[in-house]
Amino acid sequence: MKISIINGPNLNLLGKREPEIYGSLTFEAYFEELKQKFPSIEFNYYQSNIEGELIDKIQEFGFTYDGIILNAGAYTHTSVGIGDAVKGITTPVVEVHISNTFSRESFRHQSYISGNAKGVVLGFGLKSYDLAIQSFL
Ligand code: CA2
């Protein structure tokens with residue numbers, strides 16, 4: 001099984017800033033844990049701060065991979081383009097958020113991805129990614 005994890009803007013700062021919201025582990029360190037925990041899965045990990053690059057990756061993996069786990073960061077709440085990309089591919093996408101976006105500012109309650117996603121996992125810290133992976137197994 002091939003799963004791509006795609007992270008959006010500022011998620012490269014995980015473990016370095018705002019640990020009270022996002023925890024103190026870098027995503028790279030957590031990704032190593034995931035690979036150990038799910039040895040049968042072939043993972044790909046990609047992070048970008050650039051909207052068009054995220055769309056390119058969604059399209060690149062979106063017809064051959066078995067699943068995409070997408071945390072589009074703040075673009076979740078603003079990007080019609082990323083929402084359209086999720087709608088336009090055949091690979092199922094699980095939308096993931098580290099924080100519970102519904103307990104935060106109202107602008108974070110809107111998602112252009114959820115309506116086209118297979119499902120949404122949010123609010124469990126980095127464990128949200130683990131739960132999303134399990135949904136594909
Ligand atoms: O909770 C999530 O996973 C979010 O997608 C994170 C985004 C935020 O805009 C979404 O509303 C919810 C922000 C990611 C920023 O990550 C940082 C990590 C450490 C320090 C600063 C930012």
Taking the options 80, 94, 86, name whichever one is more than 14 Å from the ligand (Cβ to nearest atom) and in contact with a Leu (Cβ under 9 Å, 6 or more places away or on another chain). 86
Out of 25, 11, 70, sole residue that is within 12 Å of the ligand (Cβ to nearest atom), under 18 Å from residue 117 (Cβ atoms) and surrounded by fewer than 21 Cβ atoms within 10 Å (Cβ to Cβ): 11
Residue satisfying condition, being of a type in the set (A, V, I, L, M), farther than 25 Å from residue 37 by Cβ and within 14 Å of the chain's Cα centre (by Cα), within set 93, 86, 80: 86
Is there any pair with a first residue in the range 115-126 that is open to solvent by 40 Å² or more (accessible area, probe 1.4 Å) and a second that is assigned to a strand (DSSP E or B) and of a type in the set (Gly, Ala, Ser) whose Cβ atoms are under 9 Å apart and which are 6 or more apart or on different chains, and what are they? 118/67
Scan the range 85-98 and tell me whether some residue there is of a type in the set (S, T, N, Q) and crowded, with 22+ Cβ neighbours inside 10 Å. no
Within the range 127-137, how many residues are within 13 Å of the chain's Cα centre (by Cα) and either away from the ligand (no atom under 12 Å from the Cβ) or open to solvent by 30 Å² or more (accessible area, probe 1.4 Å) (or both)? 4
Would you confirm whether or not the range 49-61 contains a residue that is within 12 Å of the ligand (Cβ to nearest atom), of a type outside the set (Val, Ile, Thr) and open to solvent by less than 20 Å² (accessible area, probe 1.4 Å)? no
When restricted to 28, 33, 20, the only residue charged (D, E, K, R) and within 25 Å of residue 64 (Cβ to Cβ) is 28
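The values are calculated or read from the model by the stated rules, or taken from the named source; none is laboratory data. Since this is a predicted model, take the numbers as computed values, not measurements. No Cβ is skipped: glycine too gets one built from the backbone with ideal geometry, and neighbour counts run over all protein chains shown. Please note that ligands, DNA and RNA were not included when accessible areas were found on the heavy atoms of the full protein model with its side chains. Shrake-Rupley method; radii C 1.70, N 1.55, O 1.52, S 1.80 Å.
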